[in-house]
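Participant: Shown below is the structure under consideration.
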Amino acid sequence: MDSPDWSRPARPNDSTARYGPVDDPPYQGFHTYATSDLYDTNGGQERWPDNWSATAPDDSSDDTDEEDDEPASKRDYWMALLWTLIWFAIPLIVLVLRAVTQSGETSSVCESGLGACSSPRGQALADLIDNSPVWLVALGAALGLSVVLRWASDSWRAMTIGFCASVVAGGAITVLYHIW
């Protein structure tokens, strides 16, 4: 059995030794809200740069007009729309590349006259063209949703708004298309 280490000072078994003096403020814990003073990741600025409009107001002017009393909106709708288009372009590029890389030769069934005479590449491109109205409706719904999301929240990044709008609108239009 090990003997106790008498070289270390004994620690008192009271709450002051464990938790500090009573005068200290209590630990606020997990449920506190982060303020800009506590959570400052952008050099003292309130929002991410892609959420700002391209033309920031000039703070150097000393003119005080009555019309300028209302603060300008920092919501950047164009970036949200651009990211929505980017998120729709990614699967479209993948599908076009998939269609182009398929074989351009017709199958042997076509030569016998028993089947359809189109190559896999032609069939894939035809499917893309046939489904383009659904893609356009989904894109329009996603662009509309991204404007609504940007209006509702200026704290989300434009990339997140574009992704959410693309996923929700694409899923909703797909479900509605298959129901009808």
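Participant: Quick one: would you say VAL168 is surrounded by fewer than 18 Cβ atoms within 10 Å (Cβ to Cβ), part of a helix (DSSP H, G or I) and either in contact with a Phe, Trp or Tyr (Cβ under 7 Å, 6 or more places away or on another chain) or without any contact (Cβ under 8 Å) to a residue 12 or more places away in the chain (or both)?
Facilitator: Considered against the rule, which asks whether it is surrounded by fewer than 18 Cβ atoms within 10 Å (Cβ to Cβ), part of a helix (DSSP H, G or I) and either in contact with a Phe, Trp or Tyr (Cβ under 7 Å, 6 or more places away or on another chain) or without any contact (Cβ under 8 Å) to a residue 12 or more places away in the chain (or both), VAL168 comes out as no.
Participant: Just the residues that are in a helix (DSSP H, G or I), basic (Lys, Arg) and within 16 Å of the chain's Cα centre (by Cα), please, taken from region 118-165.
Facilitator: So in region 118-165, the residues in a helix (DSSP H, G or I) come out as 120-130, 132-152, 158-165.
Applying the additional criterion that residues be basic (Lys, Arg) yields 121, 150.
Correct list: ARG150 only.
Participant: What tally of residues in region 81-102 results from selecting those that are in contact (Cβ under 8 Å) with a residue 40 or more places away in the chain and surrounded by 17 or more Cβ atoms within 10 Å (Cβ to Cβ)? Break it down stepwise before answering.
Facilitator: In the first step, residues of region 81-102 are kept if they are in contact (Cβ under 8 Å) with a residue 40 or more places away in the chain; the result is 81-88, 92.
Then drop every residue that is not surrounded by 17 or more Cβ atoms within 10 Å (Cβ to Cβ), which leaves 81, 83-84, 87-88.
Residues in region 81-102 being in contact (Cβ under 8 Å) with a residue 40 or more places away in the chain and surrounded by 17 or more Cβ atoms within 10 Å (Cβ to Cβ): 5 in total.
Participant: Would you tally the residues in region 171-180 being farther than 22 Å from LEU81 by Cβ and in a helix (DSSP H, G or I)? Show your work before the answer.
Facilitator: Start the filter on region 171-180 by keeping residues that are farther than 22 Å from LEU81 by Cβ, which leaves 175-180.
Cutting the leftovers down to in a helix (DSSP H, G or I) gives us 175-179.
Within region 171-180, residues that are farther than 22 Å from LEU81 by Cβ and in a helix (DSSP H, G or I) number 5.
Bear in mind these aren't lab numbers, they're just calculated from the coordinates by the rules spelled out. No experiment lies behind these values; they were computed from the predicted model shown. Counting neighbours? That spans all protein chains shown, and the Cβs are built from the backbone with ideal geometry, glycine included.
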